[in-house]
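Encoded as structure tokens, the structure appears first; notes follow it.
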Amino acid sequence: MSIAQLTSGTDITRQAVRKHLQVLANARLVRDIKVGRERLWEFEAARLEEARRSLEVIAQQWDHALMQLKLVVER
């Protein structure tokens, strides 16, 4: 989708959407394709699954660390 399509019918500015898309592009969750004079943005679903798995690992590490802290505090 183009930025114009993404902002159509919303109060969000094109500049704001462009900034958010750039953050997502840096994380490789979206990519842009130049078609003529227009730039289209495409979602990278596989990268989202990879991010979800990474966040699960981090969540498990935090759960373990908090459990260890709880045991130390309760002693």
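Each value in this text was obtained by applying a stated rule to the coordinates, not by laboratory testing. All values derive from a computational prediction rather than experimental measurement.
Odds and ends about this structure:
- Computed 3J(HN,Hα) for the stretch 8-23, one whole-Hz value per residue from the Karplus formula 6.51 cos²θ - 1.76 cosθ + 1.60 where θ = phi - 60°, is 4, x, 10, 8, 7, 6, 4, 4, 5, 5, 4, 5, 5, 5, 5, 4, glycine and proline marked x.
- Only helices enter the 222 nm calculation for the chain: every DSSP H run of n ≥ 4 contributes -39,500 (n - 2.57), and dividing by all residues gives -21000 deg cm²/dmol, rounded to 500.
- Just so you know, the averaged projected area of the alpha carbon convex hull for the stretch 1-43 sits at 2.9 nm².
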